[in-house]
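Shown next, in structure tokens, is the structure this report addresses.
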Amino acid sequence: MTKKNINSFLAFLAVAKERSFTKAAAQIGISQSSLSHTIRQLEARLGIRLLSRTTRSVALTEAGERLFLRIAPRFEEIEAEIEAIGEFRDRPSGNIRISATDYAIEKILWPKLKGFLSEYPEIKLELIIDYGLADIVADRFDAGVRLGAQVAKDMISVKICPDVRFAVVGSPAYFARHPKPTVPQNLVDHACITLRLPTHGGLYAWEFEKEGEELRVRVGGQLVFNSVFQVLKGCLDGFGLGHMPEDLAAPHLADGSLVRVLEDWCPTWEGHHLYYPSRRQSSPAFALLVDALRHRAARA
């Protein structure tokens, strides 16, 4: 394959991933007109249309989708192998993209990554906030972070934090106006600050368990966010009840600015895991990252 053909396919992959000529051109460092010309030449050589263009969007044709799914993994393997030879250099290097919630990034990843990044300055990290439980393979992430029970069985997963417990909380001002719920079913009569999960097309249903009984309660209220930190703010300002990781609420429970309810219905769940495809080539940089994030239980 000639260098010209390789560059044409790389240009096609950039547009297919970004679904935008503008973004793809910026990513690979050429003008939008040059990129459009390259794609037209590729389509002419192949004798088939790969992309459907409108003034507002770019979509893959059926042939374009097939080509993308077939060649993208091959180029990723080449990139991974090139990264892997970094082990022969003095310092590990490479780019790593991770999908995680803002809570996981701030409370779990960042405390461990600060020292890691200082130690390995040639490793570049891209941390993307995502509440949509993205398909990390389709969206070209190297890894994702989820609670253990949410990790697909075909993924390799590494536990990166202790087990986690959630808490239902509200402000004293809120409870001055409303009675405290005694069972999860009472929540349907309360203003609850909810969290939207984009790819699942709806609001997160609060999960509870007690003595083997499991419940999922679909709550509602005046406020919906796509960040648990905003849910916390809404609770502190008295707009309703929130469901969040216990450690996020803990300082506010300690100073009395939040009050906890339904504690006996909130079990401990398996902690967050870093997960990645089993077919992923483990570069030295990625292996170092996994080891830095790995949870090591304290010895008695």
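The values are calculated or read from the model by the stated rules, or taken from the named source; none is laboratory data. What you see is a predicted model, and the numbers here were worked out from it, not measured in a lab. Positions of Cβ are generated from backbone atoms using ideal geometry, with glycine treated the same way; all protein chains shown enter the neighbour counts.
Among the listed residues Ala100, Ala104, Ala11, which satisfies the condition of being farther than 18 Å from Ala143 by Cα and at pLDDT 85 or above?
Answer to the selection: Ala11.
Quickly run through the range 243-277 and pick out the residues that are touching a Pro at 6+ places or on another chain (Cβ under 8 Å) and of a type in the set (Ser, Thr, Tyr).
Ser257, the sole residue that qualifies.
Restricting attention to the range 139-147, does a residue exist that is under 20 Å from Asp255 (Cα atoms) and outside the structural domain of Pro73 (by TED's automatic domain parsing)?
Among the residues of the range 139-147, not one is under 20 Å from Asp255 (Cα atoms) and outside the structural domain of Pro73 (by TED's automatic domain parsing), which makes the answer no.
Is at least one residue of the range 109-123 touching an Asp or Glu at 6+ places or on another chain (Cβ under 9 Å) and either over 26 Å from Phe225 (Cβ atoms) or not aliphatic (A, V, I, L, M) (or both)?
no
Return the residue satisfying two criteria in turn: it lies in the range 139-153 and is assigned to a loop (DSSP other than H, G, I, E, B) and at pLDDT below 80, and of such residues it is surrounded by the most Cβ atoms within 10 Å (Cβ to Cβ).
Across the range 139-153, the extreme among qualifying residues is Val151.
If you check Gly212, Gly132, which single one turns out to be at positive phi and surrounded by fewer than 17 Cβ atoms within 10 Å (Cβ to Cβ)?
Exactly one residue qualifies, and that residue is Gly212.
Out of (1) assigned to a strand (DSSP E or B); (2) touching a Lys or Arg at 6+ places or on another chain (Cβ under 7 Å), the odd one out for His295 is which?
His295 satisfies all of (1) assigned to a strand (DSSP E or B); (2) touching a Lys or Arg at 6+ places or on another chain (Cβ under 7 Å) except (1).
Hey, can you tell me all the residues within the range 205-234 that are among the hydrophobic types (A, V, I, L, M, F, W, C), within 14 Å of Asn186 (Cβ to Cβ) and part of a loop (DSSP other than H, G, I, E, B)?
Keep residues of the range 205-234 that are among the hydrophobic types (A, V, I, L, M, F, W, C), which gives 205-206, 208, 215, 217, 219, 223-225, 228-229, 231-232.
Next, only the ones that are within 14 Å of Asn186 (Cβ to Cβ) stay: 206, 208, 215, 217, 219.
Once the filter is applied, which keeps residues that are among the hydrophobic types (A, V, I, L, M, F, W, C), within 14 Å of Asn186 (Cβ to Cβ) and part of a loop (DSSP other than H, G, I, E, B), the range 205-234 yields only Val219.
Just to confirm my filter: which strands (runs of 3 or more DSSP E) fall fully inside the range 6-106 and include at least 2 residues that are surrounded by fewer than 16 Cβ atoms within 10 Å (Cβ to Cβ)? Talk me through it step by step, then tell me what you get.
Working: elements: 51-53, 58-60, 94-100.
So the answer is 51-53.
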